[in-house]
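Notes follow once the structure below has been shown.
The values are calculated or read from the model by the stated rules, or taken from the named source; none is laboratory data. Note that the coordinates shown come from a computational prediction; the quantities given were computed from them, not determined experimentally. Cβ atoms come from the backbone with ideal geometry, glycine included; neighbour counts cover every protein chain shown.
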Amino acid sequence: MNPARPSIGLGAVLSAWLAASSPAVAEDLAYAEPAPAAGWQFSLTPYGWMINVDGDVIARGHTVDINQNFFQIVEESDSLLAWMSYFEARNGRLALFTDLVWLDLGFPGSIDVRKSPFARFPRVVVSVAGKAQLDYESTIVQSGVAYEVARWQNAPGSYTALDLMGSARYWNQDLNLSLRLTGTLEVDLKRLGLDFKRSRRVVIARANDIDWVDPVVGARVRHQIAPGRELRLEGDIGGFGAGSEFSWQAVGVYSFHTTCLGVPLHADIGYRALAVDYSENGKFGKEGLNVVQHGPVMGVTFNW
């Protein structure tokens with residue numbers, strides 16, 4: 001199930017429901033123009049993302065499975081560095097935004113293959129099993145524009161707004177893979193009195209740096225429960241074969257107003273999922289990744 005699709009459809013469903021509401025409901029939820037903005041308003045949100053990784057990485061044609069939760073990554077990583085921040089500049093209905101995610105992780109994976117490579121000799125079987133150590137440095141930069149297309153006044157101090165969004169998401173993935181394989185050749189020719197196995201270990205170490213840009217479209221619902229308290233639901237899809245085969249994102253965040261050392265800010269708590277399916281044919285075989293990164297997000301927003 002793709003959680004981004006329901007998030008994107010939420011705005012359309014909400015709009016249709018409001019349009020079809022009874023006159024009494026429509027009176028309470030009448031369309032409201034946003035207050036004229038006094039120039040540009042800015043916000044910066046440094047945040048932390050407790051990432052879980054599910055999926056696989058393709059290295060030289062070999063698929064390495066990676067299924068690690070945040071606590072396993074922390075426990076088993078040789079390195080764990082990250083920086084995430086979101087910046088938005090808004091003027092009335094128009095908003096410009098940039099989201100930056102940088103990760104430097106190290107965690108294990110596994111590979112297990114057993115097959116007969118020769119169709120004419122089904123009794124000849126090759127088994128490959130192994131352990132992998134993946135050092136994964138990822139930079140994701142998404143920049144774009146959001147435009148408020150609808151706003152409904154729910155009650156004094158409360159409203160619901162719908163933004164349509166268009167952006168580009170740049171990916172740079174630096175994969176350093178150390179793969180120790182145990183290979184076994186099995187030949188079963190009992191009719192000739194032959195039955196033997198041969199085993200060999202091999203280590204593959206390589207570094208690969210791949211990058212691409214995905215076009216992205218999406219939508220965001222902003223619901224101000226009361227002044228200083230807001231719920232945001234956002235979803236997008238991208239890639240479409242222009243960069244990756246497909247990528248999607250779903251985000252839900254609740255923010256509330258507070259102060260720290262006399263400085264007004266918003267605390268943000270939510271959940272984020274970001275997925276991508278990308279591959280390319282490299283010099284030594286297919287390379288790429290098909291992963292979902294997801295987990296809780298927590299941050300603070302500074303406004304000026």
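Scanning segment 221-235 for residues that are over 11 Å from GLN249 (Cβ atoms) and either assigned to a strand (DSSP E or B) or out of contact with any His (no Cβ under 7 Å at 6 or more places or on another chain) (or both) yields VAL221, ARG222, HIS223, GLN224, ILE225, ALA226, PRO227, ARG229, GLU230, LEU231, ARG232, LEU233. If you scan segment 240-262, which residues turn out to be assigned to a loop (DSSP other than H, G, I, E, B) and either among the small types (Gly, Ala, Ser) or under 30 Å from ASN303 (Cβ atoms) (or both)? Result: GLY241, ALA242, GLY243, SER244, LEU261, GLY262. The set of residues from segment 257-304 being small (Gly, Ala, Ser) and touching a helix residue (DSSP H, G or I) at 6+ places or on another chain (Cβ under 9 Å) comprises ALA273, ALA275, GLY295.
Residues are listed down the side, and each one gets a yes or a no for (1) under 30 Å from LEU175 (Cα atoms); (2) hydrophobic (A, V, I, L, M, F, W, C); (3) without any contact (Cβ under 8 Å) to a residue 12 or more places away in the chain; (4) touching a Pro at 6+ places or on another chain (Cβ under 6 Å):
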| site | (1), (2), (3), (4) |
| --- | --- |
| VAL251 | yes, yes, no, no |
| PHE256 | no, yes, no, no |
| ASP268 | no, no, no, no |
| ARG272 | yes, no, no, no |
| ALA275 | yes, yes, no, no |
| GLY288 | yes, no, no, no |
| VAL291 | yes, yes, no, no |
| GLY295 | yes, no, no, no |
| PHE302 | no, yes, no, no |
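Condition check ((1) surrounded by fewer than 21 Cβ atoms within 10 Å (Cβ to Cβ); (2) of a type in the set (Ser, Thr, Tyr)) across all residues:
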position	(1), (2)
PHE246	yes, no
VAL253	no, no
VAL276	no, no
SER279	yes, yes
VAL300	yes, no
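Matching residues to (1) out of contact with any helix residue (DSSP H, G or I) (no Cβ under 7 Å at 6 or more places or on another chain); (2) closer than 30 Å to MET298 by Cβ; (3) modelled with pLDDT under 65:
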{"residue": "ASP78", "(1), (2), (3)": "yes, yes, yes"}
{"residue": "TRP83", "(1), (2), (3)": "yes, yes, no"}
{"residue": "PHE107", "(1), (2), (3)": "no, yes, yes"}
{"residue": "VAL124", "(1), (2), (3)": "yes, no, yes"}
{"residue": "GLY130", "(1), (2), (3)": "yes, no, yes"}
{"residue": "ASP135", "(1), (2), (3)": "yes, yes, no"}
